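Note sheet for the following structure.
The values are calculated or read from the model by the stated rules, or taken from the named source; none is laboratory data. Since we're looking at a predicted model, the values are computed, not measured. Using ideal geometry, Cβ is built from the backbone for each residue, glycine included, and neighbour counts are taken over all protein chains shown.
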Amino acid sequence: MTTTMSLPQVRELRTEIPGPLSRELQQRRTAAVAAGVSSVLPVFVTEAAGGVLRDVDGNSLIDLGSGIAVTNVGNAAPEVVEPVRRQAGEFTHTCFMVTPYENYLQVCEELAQLTPGDHDKRSALFNSGAEAVENAVKIARRATGRQAVVVFDHAYHGRTNLTMALTAKSKPYKHGFGPFAPEVYRVPMSYPARDQRSGAESAREAVDRIEKQLGADTVAAVMIEPLQGEGGFIEPAPGFLPAISKWCTDNGVLFVADEIQTGFCRTGAWFACDHENVVPDLITTAKGIAGGLPLAAVTGRAELMDALPPGSLGGTYGGNPLACAAALGSIRAMREQDLAAAARGIQDAVMPRLRSVAEYTDRILDVRGRGAMIGVEFVKAGGDEPDPELTSRIAKTCHEKGVVVLTCGTYGNVIRLLPPLVIGHDLLDEGLRVLEEAIVEHTR
């Protein structure tokens, strides 16, 4: 994609990674920041644009992480920066619950138009994905009069108390932080690379588990990431999502799509549910919505959202005017630049290359994903046992060579690629070359 960037879109290493100035700042960080707040790569960024991060030592790194699927429109995109500047000059906060403002309404109107389904919708805005998820549970329980919430193996929904209960992975997210919120139940996820089953078969197992252990009439909501993020970029087999959605509809259960990581063109459609024409009752969004400013939302059927009394939803900063201005600019950029198509182009460029590498090693179990959300799962030789150590070594080599990649997965054995949707072809090509070389180096 051709677009004007404020930084040259090239990889340039002037020092080792991390450089001396980053190491100095890391010492200050150790003395001031809680150890529980970790970082993938200890380089301190001073500028970023498009698909490049520049650090304090003058190194320019290729960004294949987008701040965990946040800067879909590129970092410091003019379409985001200029509206935020204008809004900051007018007012920065009133609290929508005290005196409202128009751009909050505009964001909700955009969400009603963009999210799956043509039914009447309402939205409420929050600060983070975890907040959106918690409020989706509140809405589902109040609207249905039921308590149980069903989630899936490998799910990630946040780090607050309730969302930790919804999240599957223990370390580092849950271990030692209990007790957790009750009435949360987990069922198997479709995992084609490991279970070798069709979507219909996997859905039958999940439904059977729900009906035997809970009974449909106790379930308020089934919550699912249409393509799992932190759990390993697991894409369920075709037919799984529609089957779960239909069971929900047939049994008065709300189907809640957690599209916090998959939303806003990331998977090659505005939302991942669109790929199989699944229409959720409630959908949670965050990350890519506002170009890097904190904003999240729950959007859902009007009769569900309006079932809650005034004052039961909200928060001091939810739908802050600066974040709303950023969201409107970001959505405009996605629409005008057709970033859903750009994500599909990234998939077309990345998938064949990584699958070609996988043909020459038995250490790659699967290359999977959609759009600009692609994962590579690594295993030990001769089987399917996860290999997080190999995964970590490959990622570390990429980092040392100036390419930011992320890892994920219940077993820590998946490298995930989340490049900005505006990344240039040459920059993406170079980042992939570094990753390919790292894989070959460590899997010979």
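Summary of computed values
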read-out: Any hit, the range 328-350, residues being in the same structural domain as residue 286 (by TED's automatic domain parsing), touching a Leu at 6+ places or on another chain (Cβ under 6 Å) and farther than 15 Å from residue 422 by Cα; value: no
read-out: Hits in the range 346-362 (condition: in contact (Cβ under 8 Å) with a residue 60 or more places away in the chain, touching a helix residue (DSSP H, G or I) at 6+ places or on another chain (Cβ under 9 Å) and assigned to a helix (DSSP H, G or I)); value: 346, 349, 350, 353, 354, 357
read-out: Residues (touching a helix residue (DSSP H, G or I) at 6+ places or on another chain (Cβ under 8 Å) and β-branched (Val, Ile, Thr)) located in the range 380-399; value: 394, 397
read-out: Residues of the range 411-444 classified as within 16 Å of residue 387 (Cα to Cα), out of contact with any strand residue (DSSP E or B) (no Cβ under 8 Å at 6 or more places or on another chain) and not in a helix (DSSP H, G or I), total; value: 1
read-out: Members of the range 315-353 found to be touching a strand residue (DSSP E or B) at 6+ places or on another chain (Cβ under 7 Å) and within 25 Å of residue 138 (Cα to Cα), listed by number; value: 315, 318, 319
read-out: Flag for residue 408 being within 17 Å of the chain's Cα centre (by Cα) and either hydrophobic (A, V, I, L, M, F, W, C) or surrounded by fewer than 20 Cβ atoms within 10 Å (Cβ to Cβ) (or both); value: yes
read-out: Residue count, the range 298-342 (criterion: over 30 Å from residue 88 (Cβ atoms), of a type in the set (Gly, Ala, Ser) and crowded, with 19+ Cβ neighbours inside 10 Å); value: 1
read-out: Of all residues in the range 368-379 being touching a helix residue (DSSP H, G or I) at 6+ places or on another chain (Cβ under 6 Å) and more than 12 Å from residue 443 (Cβ to Cβ), the one that is surrounded by the fewest Cβ atoms within 10 Å (Cβ to Cβ); value: 374
read-out: The listed residue being in contact with a Pro (Cβ under 7 Å, 6 or more places away or on another chain), assigned by TED's automatic domain parsing to the domain that holds residue 141 and among the charged types (D, E, K, R), out of 276, 303; value: 276
read-out: Cross-chain or 6+ apart pairs with Cβ under 9 Å, the range 156-167 first and in contact (Cβ under 8 Å) with a residue 24 or more places away in the chain, then of a type in the set (Ser, Thr, Tyr) and assigned to a helix (DSSP H, G or I); value: 156/163; 157/163
read-out: Test: residue in the range 76-89 that is in contact (Cβ under 8 Å) with a residue 60 or more places away in the chain and in contact with a strand residue (DSSP E or B) (Cβ under 6 Å, 6 or more places away or on another chain); value: yes
read-out: From the options 105, 53, 125, 114, residue that is assigned by TED's automatic domain parsing to the domain that holds residue 180, under 21 Å from residue 339 (Cα atoms), within 25 Å of the chain's Cα centre (by Cα) and aliphatic (A, V, I, L, M); value: 114
read-out: The range 74-84, subset farther than 24 Å from residue 258 by Cα and among the small types (Gly, Ala, Ser), residue surrounded by the most Cβ atoms within 10 Å (Cβ to Cβ); value: 77
read-out: Within the range 227-256, tally of residues that are of a type in the set (Lys, Arg) and either within 15 Å of residue 271 (Cβ to Cβ) or touching a Pro at 6+ places or on another chain (Cβ under 7 Å) (or both); value: 0
read-out: Single match in 365, 390 (criterion: surrounded by fewer than 22 Cβ atoms within 10 Å (Cβ to Cβ) and assigned to a strand (DSSP E or B)); value: 365
read-out: Single residue of 171, 138 found to be outside the structural domain of residue 50 (by TED's automatic domain parsing), of a type outside the set (Gly, Ala, Ser), within 22 Å of the chain's Cα centre (by Cα) and within 21 Å of residue 189 (Cβ to Cβ); value: 171
read-out: Strands (runs of 3 or more DSSP E) enclosed by the range 118-191 - at least 3 residues per element that are at pLDDT below 95 and either more than 22 Å from residue 301 (Cβ to Cβ) or not hydrophobic (A, V, I, L, M, F, W, C) (or both); value: none
read-out: The one condition in (1) closer than 21 Å to residue 287 by Cα; (2) over 19 Å from the mean Cα position of the chain (by Cα) that residue 58 fails to fulfil; value: (1)
